[in-house]
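What follows is one structure encoded as structure tokens, with my remarks underneath.
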Amino acid sequence: LRIHPLIKRYIHKKLIKKTAKLNNLILSNSTILEDSFKSIYAIYRGSSSIIESINHGCLPINYCDNIELNTDPLHELNDIIKISSYEDFCNALNVSYDKSYDKFKIHNIREYCSSIYSKLDYDVICKL
């Protein structure tokens, strides 16, 4: 489990205590790069960090919580796996990733991410 970096320390400590009891969940202290290299999928709700995970090889799964305000940075893509329940999550994992995301879909997703996001180029900013 990767939490938002701005989560308050006391909430983080509570999460550590709660996740310590679970043997199938790890609260990550790694960088997003390290976590992305270890993972096949990245579940996200509205964070732009999904773009970085995709750029490092993860396949996206969007958690939709039926809130009317759509904060999905990949909302323009129709090929993203979407889940809204535990059952949806299990079903998504039961389908092999090569059936969920063929090479064409993966290419389109990565191209889209590259087109909407790039690292900050400090040289360009300094020239302004």
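The values are calculated or read from the model by the stated rules, or taken from the named source; none is laboratory data. Keep in mind that this is a model prediction, so the values were computed, not measured. Counting neighbours? That spans all protein chains shown, and the Cβs are built from the backbone with ideal geometry, glycine included. These area figures cover heavy atoms from the full protein model, side chains too; ligands, DNA and RNA do not enter into them. Shrake-Rupley method; radii C 1.70, N 1.55, O 1.52, S 1.80 Å.
Before moving on, here are some points about what is shown:
- For the stretch 39-48, a tally of residues being more than 18 Å from residue 4 (Cβ to Cβ), of a type outside the set (A, V, I, L, M) and loosely packed, with under 15 Cβ neighbours inside 10 Å returns 0.
- Here is the figure for the stretch 90-125: residues that are touching a helix residue (DSSP H, G or I) at 6+ places or on another chain (Cβ under 9 Å), open to solvent by 60 Å² or more (accessible area, probe 1.4 Å) and either of a type in the set (Asp, Glu) or not in a helix (DSSP H, G or I) (or both) total 1.
- The residue that is surrounded by the most Cβ atoms within 10 Å (Cβ to Cβ), among those in the stretch 49-89 that are of a type in the set (D, E, K, R) and outside any loop (DSSP other than H, G, I, E, B), is 52.
- Evaluated against (1) assigned to a loop (DSSP other than H, G, I, E, B); (2) touching a Leu at 6+ places or on another chain (Cβ under 8 Å); (3) aliphatic (A, V, I, L, M), residue 22 falls short on exactly one condition, (2).
- Residue in the stretch 8-28 that is at pLDDT 80 or above, polar (S, T, N, Q), more than 15 Å from the chain's Cα centre (by Cα) and closer than 28 Å to residue 117 by Cα present: no
- Candidates 88, 35, 79, filtered to the one that is within 12 Å of the chain's Cα centre (by Cα) and among the acidic types (Asp, Glu): 35
- Where a residue in the stretch 64-83 is among the hydroxyl-bearing types (Ser, Thr, Tyr) and its partner, wherever it lies, is surrounded by 15 or more Cβ atoms within 10 Å (Cβ to Cβ), with Cβ under 6 Å and at least six apart: 71/46
- Identity of the residue in the stretch 2-19, open to solvent by less than 90 Å² (accessible area, probe 1.4 Å) and either of a type in the set (Gly, Ala, Ser) or part of a loop (DSSP other than H, G, I, E, B) (or both), that ends up farthest from residue 48 (Cα to Cα): 7
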